[in-house]
Amino acid sequence: MMARTATITGLTKLQRKLDRLPAVAKDHIRSEMEQAADEIVAMMKSLVPVDDGVVRASIGWTWGKAPQGSLVIAAMKGAGIGGDLSITIYAGGGKAYYAKWVEFGVKPKAKKDGSAPSSGKRQTGQPFFYVSWRANRKNARRRVRKAVRDAARQVASQ
C-alpha cells in the first residue's frame, strides 16, 4: 500500500499570521490591562479615607514590581504572552507606610505580662484596597481575555 502525502495549501500564509499574533496580542492586552488598572486605582482612591492625602497619593500601578514597602494585590499577568506583561497595583510605602493599618485596622497590643491592654483604642479597618480589587477582578480578567480574542481575529482577517 502506498502512503498518501497531504499538502496543506496556505501553510506559509498561516505561519506568517501566527508569527504576527504575539506582537498584536501584546498591544491589545497591554492597552486593556492599563485601562483595568486605571479603573481599580480610581476606585481605591475614591474609597480611601483622607486625612492628609498621603495614602491616597501613594495608590497607583506600574509595569513590573511595585515600590518597596507598598501593599500589593496579586499582579495581573497578560495571558502568558510574555514576561513583560505583568502589572502591579499598590498602595503605601514611604510616607504612607501605614496604608495597611488603614485597610485592616489596628488593635491595642497586650501588655508584656499577658493581661489585656488598659489603654489604647481599637481602630477598625476602612477597606479600600482589596475591596476595589475584588469588585473589579472579573472585569479586568474579562478585558484581557477579550483582548487576546480580538488580536487573534485581527490577525486572522489579514
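Quick note: the coordinates plus some simple rules give every number you see, no bench work behind them. Since the structure is predicted, the reported quantities are computational estimates derived from the model, not experimental observations. Note that each Cβ is placed from the backbone with ideal geometry, even for glycine, and that neighbours are counted across all protein chains shown.
Tally Lys/Arg at +1 and Asp/Glu at -1 over every other residue whose Cβ is under 10 Å from the Cβ of TRP61; what's the total? Could you put the intermediate results ahead of the total?
Numbers: positive: none; negative: GLU34, ASP38.
Cβ neighbours under 10 Å give a net charge of -2.
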Once phi for every residue in the stretch 49-66 is put through the Karplus expression 6.51 cos²θ - 1.76 cosθ + 1.60 (θ = phi - 60°), the whole-Hz ³J(HN,Hα) values, with Gly and Pro written as x, are x, 10, 9, 10, x, 5, 5, 4, 5, 7, 7, x, 9, 8, 7, x, 8, 7
Rounded to one decimal in nm, the spacing of the 7 Å Cα→Cβ label points at LYS65 and ASP38 is 2.8
Spelling it out for ILE59: with amide H atoms placed in the peptide plane at 1.01 Å from N, the residues 5 or more places away or on another chain with amide H under 5 Å from its amide H are GLY92
The answer for the net charge of residues other than LYS121 whose Cβ lies under 14 angstrom from its Cβ, with Lys and Arg +1 and Asp and Glu -1, is +3
For the stretch 22-35, Karplus-derived ³J(HN,Hα) couplings (6.51, -1.76, 1.60; θ = phi - 60°; whole Hz; x for glycine and proline) come out as x, 5, 5, 4, 4, 4, 5, 5, 4, 4, 5, 5, 5, 5
Residue by residue through the stretch 92-98, the couplings from Karplus 6.51 cos²θ - 1.76 cosθ + 1.60 with θ = phi - 60°, in Hz, x for Gly and Pro, are x, x, x, 5, 9, 4, 8
